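The values are calculated or read from the model by the stated rules, or taken from the named source; none is laboratory data. Since the model is a prediction, treat every value here as computed from it, not as a measurement. Glycine also receives a Cβ, built like all others from the backbone with ideal geometry; neighbour counts cover every protein chain displayed.
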Amino acid sequence: MKFIVAIIKPFKLEEVRDALSPLDVHGLTVTEVKGYGRQKGHTEIYRGAEYAVNFLPKLKIEVAVDSAIVDQVVAAIAGAARTGQIGDGKIFVLSLESALRIRTGETDLDAI
Amino acid sequence: MFSRLFPRVPVLSGAFLLSVLAPIVAHAADAPVPDKGDTTWMLVSTVLVFFMAIPGIALFYGGLVRAKNMLSIMTQVYVITCLVSLIWVIYGYSLAFTNGGGINSFIGGFSKAFLRGVDANSVAATFSNGVVIPEYVYICFQMTFAMLTPALIVGAFAERMRFSALVLFMVLWVTFVYFPMAHMVWYWAGPDALADAAKAVAAATDATAKAAAEARLAEVTADAGLLYKWGALDFAGGTVVHINAGIAGLVGCIMLGKRIGFGRELIAPHSLTTTTIGAAMLWVGWFGFNAGSNLEANGTAALAMLNTFVATGAAGLSWLLVEWALKGKPSLLGLVSGTIAGLVAVTPAAGFAGPMGSIVLGLVAGAVCFFFCSTVKNALGYDDSLDVFGIHCVGGILGAIATGILVAPSLGGVGLADYISSPGHLVAGEYVFSAAVLSQIKAVAVAITWSAVGSAIIYKIVDMVVGLRAEPEEEREGLDLAEHGERAYNY
């Protein structure tokens, strides 16, 4: 099993979800986050007071998948989230040791 | 000749004069009774001005602070309205609007403390001969001004003032700064008292009677506040409200010092949506403020309303365009800040200037206040959190001086009022540019000095008694939790 963490642009969420639905992905978790990378921040001006805002809003998607489809899932996320501009985000793939569905007690592949 | 001897006073349109003339002539001996239309308009105006304080200014300022200080702003503004409602009827109205005897030039007396002698039949003068409104309405209307003015100051030291200090400061400030300023600018004997005294002079048959009548006329004319006697024009409170509050704010933000993190951390408005709602409420309420200050429902009130539309629109566009040109983007905050600057600037001019003059005033006010809020504030480095000085004081000064210019009939203004030359008839007095502008400049200078000195002393006293500034850890945590034990948003 693999655990995929993807940082994407906020407005790309629906496209990513649509890209994942034909695959065998049964759920994902989304968190609003802030961060910086190569994409620099922006300037906000309030009545002449200028602030450099270095941390930009992003979404973090977390999804657990069967190792067999991890490449397809990563490709689907990357394809849907790409705009070609700096700041499209990153995808991390981690090994997942175990999983448990709280309601039924099912474990591992049955739980994801 | 009389226009030189006697103060210039607010004037009314010629068309309206004709309409009030007939009843005066027909019932000269009868005491005037309030008109229901005027009374209704003033009741409505009173509520409109009250709406500017809560929730108008509370939302406007509240959105501009960080989320952790939202409730402190709302609490401060709200508590000021509660405090002033009591202070006003206990002694505030009396200090502002009665004769103060030996110091009448500066402040009134206690003859109407606890509203002694005032009942539902009491009347207050307007700006027209023979037209009065119930004194209770006048008391309520002026009460809302006394609530709004201290509430404006809150923005200057937002996010760092201790609540107990704020309460003590505001009680002292309205007492020693606001009531005297209101008295100096707005207290006068009224048109009927002037007309009666002037008629007595004309009716005097022998030299002794004439001398006595002239002495009486001089006495009635002198029964006014200092700035009124100087001929200063302030239709709805440019000096009393905006310069007064703006300077108190500037002194306050300097004496309290900058907020922690000022200039280094992101201290951005937490909700410009809230701010815009508040600003729109202010604009709506301002029709009561400006058009209501006419005290009668007539053409001059409508003129003040029209000016309050166009000067505000012009100033909003002016700020927006200047910011767009200089900073690259037309911001909503810039747009609404411009409208507030325009409202402030047109306040003293509302019933005096013509609509075209008001547009010019608005265009200038938007650009000048933008310059003060961006360039000047940054250059001088004071932390006027919400630009009380840059908008209210600067806009107020601009409007006050411009009023002396825009009142000129040649520029579309209504001209200076003369209640004396033709007693019982309001005629246009002689307009002299230098005299009119000079009296405005003198009024501005007095307002600045009075408020700066008075406020500085009061801040110092409050600092010694309870301490002005919240502790650093309280300021970092936010005044909502530290001072009030609650937070604005739970999500």
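Are there any helices (runs of 4 or more DSSP H) wholly within region B:84-191 with 1 or more residues that are modelled with pLDDT of 95 or more and within 22 Å of B:THR39 (Cβ to Cβ), and if so which?
Working: elements: B:93-97, B:135-153, B:163-173, B:179-186.
The helices (runs of 4 or more DSSP H) meeting that bar are B:93-97, B:135-153, B:179-186.
Apart from one condition, A:ALA76 fits all of (1) within 14 Å of chain B (Cβ to nearest Cβ); (2) closer than 28 Å to A:SER98 by Cβ; the exception is (1). Reported count of residues in region B:416-437, each being among the charged types (D, E, K, R) and either part of a loop (DSSP other than H, G, I, E, B) or touching an Asp or Glu at 6+ places or on another chain (Cβ under 7 Å) (or both), is 1. Determine whether B:ALA379 is free of Cβ contacts under 8 Å to residues at least 24 places away in the same chain and within 14 Å of another protein chain (Cβ to nearest Cβ). So B:ALA379 passes the test.
Please pick out the residue among B:VAL364, B:VAL368, B:VAL360 that is at pLDDT 95 or above and within 14 Å of chain A (Cβ to nearest Cβ). Reasoning before the result, please.
On the way: B:VAL364 fails: within 14 Å of chain A (Cβ to nearest Cβ); B:VAL360 fails: within 14 Å of chain A (Cβ to nearest Cβ).
Matching residue, one of B:VAL364, B:VAL368, B:VAL360: B:VAL368.
Restricting region B:330-339 to residues that are within 11 Å of chain A (Cβ to nearest Cβ) and in contact (Cβ under 8 Å) with a residue 40 or more places away in the chain, the residue that is surrounded by the most Cβ atoms within 10 Å (Cβ to Cβ) is B:SER337.
Which residue is nearest to B:TYR382 (Cα to Cα), if the candidates are limited to region A:40-54 and must be more than 7 Å from chain B (Cβ to nearest Cβ) and in a strand (DSSP E or B)? So the residue we want is A:ALA49. Candidates are the residues of region A:44-79 that are at pLDDT below 90 and among the aliphatic types (A, V, I, L, M); the one that is farthest from B:GLU265 (Cα to Cα) is A:ILE45.
Kindly indicate whether B:PRO191 is out of contact with any Asp or Glu (no Cβ under 6 Å at 6 or more places or on another chain) and crowded, with 24+ Cβ neighbours inside 10 Å. Reasoning before the result, please.
Working: out of contact with any Asp or Glu (no Cβ under 6 Å at 6 or more places or on another chain): yes; crowded, with 24+ Cβ neighbours inside 10 Å: yes.
So B:PRO191 fits the description; yes.
The residue that is surrounded by the fewest Cβ atoms within 10 Å (Cβ to Cβ), counting only those in region B:250-263 that are more than 10 Å from chain A (Cβ to nearest Cβ) and not aliphatic (A, V, I, L, M), is B:GLY261.
For every residue, the table says whether it meets (1) modelled with pLDDT under 95; (2) within 13 Å of another protein chain (Cβ to nearest Cβ); (3) in a helix (DSSP H, G or I); (4) out of contact with any Phe, Trp or Tyr (no Cβ under 7 Å at 6 or more places or on another chain).
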| residue | (1), (2), (3), (4) |
| --- | --- |
| B:LEU266 | yes, yes, no, no |
| B:THR273 | no, no, yes, yes |
| B:ILE277 | no, no, yes, yes |
| B:ALA280 | no, no, yes, yes |
| B:GLY285 | no, no, yes, no |
| B:PHE289 | no, no, yes, yes |
| B:ALA297 | no, no, no, no |
| B:THR300 | no, no, yes, no |
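Annotation note: Cβ proximity below 8 Å between a residue of region A:43-70 that is of a type in the set (S, T, N, Q) and a residue that is not in a strand (DSSP E or B) (sequence gap 6+ or interchain) occurs for A:ASN54/A:TYR36; A:ASN54/A:LYS40; A:ASN54/A:GLY41; A:SER67/A:MET1.
If we keep just the residues of region B:316-329 that are among the small types (Gly, Ala, Ser) and within 14 Å of another protein chain (Cβ to nearest Cβ), which is farthest from B:THR375 (Cα to Cα)?
Here the residue is B:GLY316.
Looking across region B:382-410 at every residue that is surrounded by 24 or more Cβ atoms within 10 Å (Cβ to Cβ) and over 28 Å from B:MET161 (Cβ atoms), the one that is farthest from the other protein chains (Cβ to nearest Cβ) is identified as B:VAL407.
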